[in-house]
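The values are calculated or read from the model by the stated rules, or taken from the named source; none is laboratory data. Because the structure is a prediction, the values reported are computed rather than measured. Neighbour counts run over all protein chains shown; Cβ positions are idealised from the backbone, glycine included.
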Ligand code: IPD
């Protein structure tokens, strides 16, 4: 990150929080009618509500006003042909299926990336009101309190988060790998919002999280929040560590190597 951007990253966080908070309010207020207007995307279970679209439009409009000319890559409308320079990466509702059902684990996720690397981000929860933030080199916070990943050292006492693809064949492979892994850790959680799983690793609420096939908007803000809390984090496209090219993995540092080895042995590298 250039020196200029280091100085600017706190401003980028402030903008992500401002815009994310406005979008979260829209998402919260829209729920009663938004969930009656549902379309599907990659599969019948991959849904998009009217609130996903309205939230992304709000974020785009506000960023165009506050940061004119900077490209935006969003879950619903795409955009940003290139990752060169500064790009805003937006998930207008991460955890849309939870939103649809009224489970309160969903969030608006906004990150600023420089050449594809997150430098600032905010994850805003419409229901709890929690605001998770990070800037590269500046630490990560929940409602202003500094975050630190767990100090867990033992694989068998680790709480592992994961998620399943909307693709039917892949989720069956994921289920097989989970089946092999379940006996090796304390327990496994599936929260339904990747950004919040990554924030949970940052807070020590989960010891680790793995999922294959996430999109950039799922991990861009939460991944930085986990990294800045001291977690070991690897993103899709990282060098081969046996977890496969599409893995997002975040773990408490003292147990990360044990977890990675167990995940590979359990078949997570082949899902
Ligand atoms: C989904 C959630 C879920 C994860 C899926 C994501 P969306 O994002 O983060 O936890 O398992 O892979 O696609 O579709 O709700 O924005």
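Per-structure values
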read-out: Qualifying residue in the stretch 33-42 (condition: closer than 19 Å to residue 193 by Cα and crowded, with 17+ Cβ neighbours inside 10 Å); value: yes
read-out: Enumeration of residues in the stretch 112-155 that are outside any strand (DSSP E or B), in contact with a helix residue (DSSP H, G or I) (Cβ under 9 Å, 6 or more places away or on another chain) and over 30 Å from residue 49 (Cα atoms); value: 136, 137, 138, 147, 148, 149, 150, 151, 152, 153, 154, 155
read-out: Candidate set: the stretch 156-176, residues that are within 13 Å of the ligand (Cβ to nearest atom), at pLDDT 95 or above and in a loop (DSSP other than H, G, I, E, B); chosen: the one farthest from residue 260 (Cα to Cα); value: 164
read-out: Number of positions in the stretch 59-111 that are within 16 Å of the ligand (Cβ to nearest atom), closer than 15 Å to residue 17 by Cα and not in a strand (DSSP E or B); value: 1
read-out: Residue within the stretch 32-47 that is in contact with a strand residue (DSSP E or B) (Cβ under 7 Å, 6 or more places away or on another chain) and closer than 25 Å to residue 143 by Cβ present; value: no
read-out: Unmet requirement for residue 14, which otherwise passes all of (1) more than 19 Å from residue 223 (Cα to Cα); (2) free of Cβ contacts under 8 Å to residues at least 40 places away in the same chain; value: (1)
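Results for (1) surrounded by 23 or more Cβ atoms within 10 Å (Cβ to Cβ); (2) within 16 Å of the chain's Cα centre (by Cα); (3) at pLDDT below 95, shown as yes or no for each residue.
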position: 79; (1), (2), (3): no, no, yes
position: 82; (1), (2), (3): no, no, yes
position: 93; (1), (2), (3): yes, yes, no
position: 103; (1), (2), (3): no, no, no
position: 107; (1), (2), (3): yes, yes, no
position: 116; (1), (2), (3): no, yes, no
position: 119; (1), (2), (3): yes, yes, no
position: 124; (1), (2), (3): yes, yes, no
position: 128; (1), (2), (3): no, no, no
